[in-house]
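Trainee: A single structure is presented below for examination.
Nothing in this text is a laboratory measurement; each read-out follows from the coordinates by a stated rule. Predicted model, so just to flag it, every value in this text is computed and none were measured. Glycine also receives a Cβ, built like all others from the backbone with ideal geometry; neighbour counts cover every protein chain displayed.
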Number of protein chains: 2
Amino acid sequence: MSIGKREFKPDKNKASLSNQIRDHMRARILNQEWQPGEKIPSEFVLANDYQVARVTIRTALRMLESQGLIDIRHGSGAYTTNFGKGIRAGLQELRSISETIREMGFTPGVVIRASELRLPNKAEAEELRISLDENIFYMERAITADGKVVAFSYDTVRITDLSQNVINKFSTGSVFKALEAFGKHPVRAMSEIHAIKSELIGWGPSKPKSGLYLQLKQTHFLRDGFPIMTGSTYFVEGRFQFIIHRTI
Amino acid sequence: MSIGKREFKPDKNKASLSNQIRDHMRARILNQEWQPGEKIPSEFVLANDYQVARVTIRTALRMLESQGLIDIRHGSGAYTTNFGKGIRAGLQELRSISETIREMGFTPGVVIRASELRLPNKAEAEELRISLDENIFYMERAITADGKVVAFSYDTVRITDLSQNVINKFSTGSVFKALEAFGKHPVRAMSEIHAIKSELIGWGPSKPKSGLYLQLKQTHFLRDGFPIMTGSTYFVEGRFQFIIHRTI
DNA sequence: GAGTGGTCTAGACCACCCT
DNA sequence: GGGTGGTCTAGACCACTCA
C-alpha cells in the first residue's frame, strides 16, 4: 500500500486507530504532500490504503475538519484548506500547545517564572477533588513560538503519589511531556472560554502591551476520570488562530 | 416504550436520527426529568428505548457531553452535570442563540439597530463568494435574555434569489428562523474566536461598560456548501458560559 | 463477574455532485 | 450513472467500574 511517503504502522497499546490515522494524515497535510486546496483521496481509497473500515477514516477526517485543515464537501470530496502562516489550532482537540506550535513550523519554547509546592485554595481543591491540606504543584509559565510569547499559563497539578524528582521534570518544557513521563497523560479537559483584559497576566520582556487575552479556564482529566491539572491559559490575542467548526 | 413522559417520533425528512435523539434527550435533561448529578440510563437501554443502534445513541450522548450537559464515565455510566443558573452553550453545536437562551429558561429578544441592502466590501464578497456588485443584506442586532443584552451581532446575508418581502422577515427576530422560513437553513459554520475590547461594538441603553467581548467571527454554510451569511457576534463577557469539551 | 462505555468492522442505503 | 460523502445498523471485542 502507498500512504504517501510515510510509513503507517498502527500501534496497539497506544491511541485509538482513528486518532493515529488523524495524526498521520495531519502530518501529510502540514508537510504539503497535498497542496493547499487540493483534493485528497476518497474515503473508500483511504480506507483501503490504511486497511480500516470507512467509518474509521471518516472519524479521522472529521477531526481534521474540526481543526480547519480540510474542507469536506458532500458528493465531491475532501480538500485541504488554505490558511495563512499563522498558528491554526482547533479547540476541540486536546493537544500540547508546544506540539501545535512545532507542527505549524515554529520553534516552541517555555519560560518558567515560578514553580512551587503549596496548599491549594478552595477552588483548586474542589476542581482537583483533593483536601485542603494536600500539597499541589503550582506553575507560572510563558509559552513562546520563535521566541515570541503566545500564551501565559497558570496551572496547578495534583501531585498525590508524585515524587520530587518527577516534579523537577516540569521545569524543562512541555507539561504534557512531563506528565506523560510518569504515565499521567490527560485524555480530556473541560474548558470555559473568556475574553480578559488585564495588565496582571503577562510578564517578562515581551509582555504584550494590549493586555488582551483569550482565556481557557480548564481542568484536565486522566483516563480514569480523575482531575490531574487545573488552571488557566491566557492566549495573547492575535497570535493564535483558534478555529471552531460548528455543525447542527 | 417509555421515553420519559415525552413522545419520540423520528421524523424523516428532517434532522438526522442522532440529532433528533440528542435534542429529545437535551429537553429531558433541561426539564429535570433527571436530577442534576443523576445517572441516566445505559446506552443499551437507551438504544432499546429509542429503537436505534447503540452507535446512534452514543453519537447523541457525545454531543450532549460536548455541551457540558452530561459527564460520561467509562465503565460506570453517564451522569447529568451540575451547572449554575447561567446560560451554558457548547461551541461545537451550531444553534440559534435565541433557542439556547429560551432552553436555559430565559426569554430571548432581539433589537435591530440597522438593516439595509448594500454592496459588499471585498472581505464580505470573498467570504460569500459573490461579486462586488451584488447586493447583500446587512444587519446590526442586539440579542437579549430577559431584557439584558448578551450579544451584539453584525452580519451580512447573501440575498441572491431572495425577494424583498422575505427580507422583511429578518426584522422580526431570530435570523435562523428567518432563513429557515424560506428553506435556507445553515448547517455548518467555520468560526474564529477572539477576545476584543472596544467601545465601538456595543450600543443602546444597556451597552456594557467594560467593552469586553468574546468575538465569534463566522461564516455560515448551507447544506450545498455555499456560504449564506458572514459576520461577527460579540458576546458580552460574562453573560454566556461557553463550554468546550476537549479530547485527545 | 455482570454491567457499562470505547472502539472497530462490514455492509447497507441514501443524498449529492459532476460530466 | 458513477463516484463521493452522510448516516445507520448489528454485531463484535476490549477496558473499565463496582459490588
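Trainee: What's the average, rounded to a whole number, of partner chain beta-carbon atoms within 10 Å of each residue's beta-carbon in A:94-102? Before the final figure, lay out each step's value.
Mentor: Working: counts 5, 2, 0, 0, 0, 0, 0, 0, 0.
Per residue, the number of nearby Cβ atoms from other chains is 1 on average.
Trainee: Using a Förster distance of 56 angstrom, determine the FRET efficiency expected from the C-beta separation of residue B:111 and residue B:8, and round it to 0.05. Can you show the working numbers first?
Mentor: On the way: r = 36 Å, r/R0 = 0.65.
Given R0 = 56 Å and the Cβ-Cβ separation, E is 0.95.
Trainee: How long are the semi-axes of the equivalent ellipsoid of the stretch B:32-85, defined as square roots of 5 times the Cα gyration tensor eigenvalues? Whole Å, largest first.
Mentor: Working: eigenvalues 75, 26, 22 Å².
Listed largest to smallest, the semi-axes of the stretch B:32-85 are 19, 11, 10 Å.
Trainee: So who's got an amide H within less than 5 Å of the one on residue A:222, skipping anything under 5 residues away but keeping other chains? H placed 1.01 Å off N, in plane.
Mentor: Those lying under 5 Å, H to H, from residue A:222 are A:187, A:228.
Trainee: Hey, another quick one. With an 8 Å Cα cut-off and a minimum separation of 6 or more residues, compute the relative contact order for the stretch A:21-145 in percent. Before the final figure, lay out the partial values.
Mentor: Details: 154 pairs, mean separation 24.9, N = 125.
Relative contact order of the stretch A:21-145: 20 percent.
Trainee: If the elastic network links every pair of Cα atoms under 10 Å, which of B:127, B:99, B:180 fluctuates the most in the Gaussian network model of chain B?
Mentor: Of the options given, B:180 has the highest mean-square fluctuation.
Trainee: Still on this structure: From the label point of residue A:121, set 7 Å along Cα to the beta carbon, how far off in nm is each other copy's matching point, shortest first?
Mentor: For residue A:121, the other copies' label points sit at 4.1 nm, shortest first.
Trainee: Normalise the Cα radius of gyration of the stretch A:167-248 by 2.2 N^0.38 Å (N = residues in it) and let me know the number. Present the calculation step by step, with values, prior to reporting the outcome.
Mentor: Details: Rg = 15.2 Å, N = 82, 2.2 N^0.38 = 11.7 Å.
Against the empirical 2.2 N^0.38 Å value, I get 1.29 for the stretch A:167-248.
Trainee: The stretch A:40-128: D in µm²/s via Stokes-Einstein (Kirkwood Rh, Cα pairs, 37 °C, 0.692 mPa s)?
Mentor: Working: Rh = 16.5 Å.
In µm²/s, the coefficient is 198.
Trainee: If you don't mind, another one. How high is the relative contact order of the stretch B:88-243? Use alpha-carbon pairs under 8 Å, at least six apart in sequence, and give a whole percent.
Mentor: Values: 297 pairs, mean separation 38.7, N = 156.
Computed over the stretch B:88-243, the figure is 25 percent.
Trainee: Can you tell me which of A:45, A:175, A:111 moves the most in a GNM of chain A? Springs connect C-alpha atoms under 10 Å apart.
Mentor: Looking only at A:45, A:175, A:111, the biggest GNM fluctuation is shown by A:45.
Trainee: Taking each pair of distinct Cα atoms in chain B once, what is the resulting Kirkwood hydrodynamic radius in Å?
Mentor: On the way: mean 1/r = 0.0506 Å⁻¹.
About 19.7 Å, per the Kirkwood formula over Cα pairs.
Trainee: Over 31 Å between C-alpha atoms is what I'm after, so list which of A:14/A:197; A:217/B:122; A:85/B:184; A:207/B:85; A:169/B:217; A:217/B:197 land there.
Mentor: Numbers: A:14/A:197 40 Å; A:217/B:122 36 Å; A:85/B:184 34 Å; A:207/B:85 36 Å; A:169/B:217 39 Å; A:217/B:197 19 Å.
In this structure, A:14/A:197; A:217/B:122; A:85/B:184; A:207/B:85; A:169/B:217 exceed 31 Å between Cα atoms.
Trainee: Could you work out the Rg to Rh ratio of the protein assembly as shown, with Rh taken as the Kirkwood radius (inverse of the mean 1/r over all Cα pairs)?
Mentor: Details: Rg = 23.3 Å, Rh = 24.4 Å.
Using Cα coordinates only, the ratio equals 0.95.
Trainee: May I pose another question? Could you check which residue among A:194, A:74, A:24 shows the biggest mean-square fluctuation in a GNM of chain A with a 10 Å Cα cutoff?
Mentor: A:74
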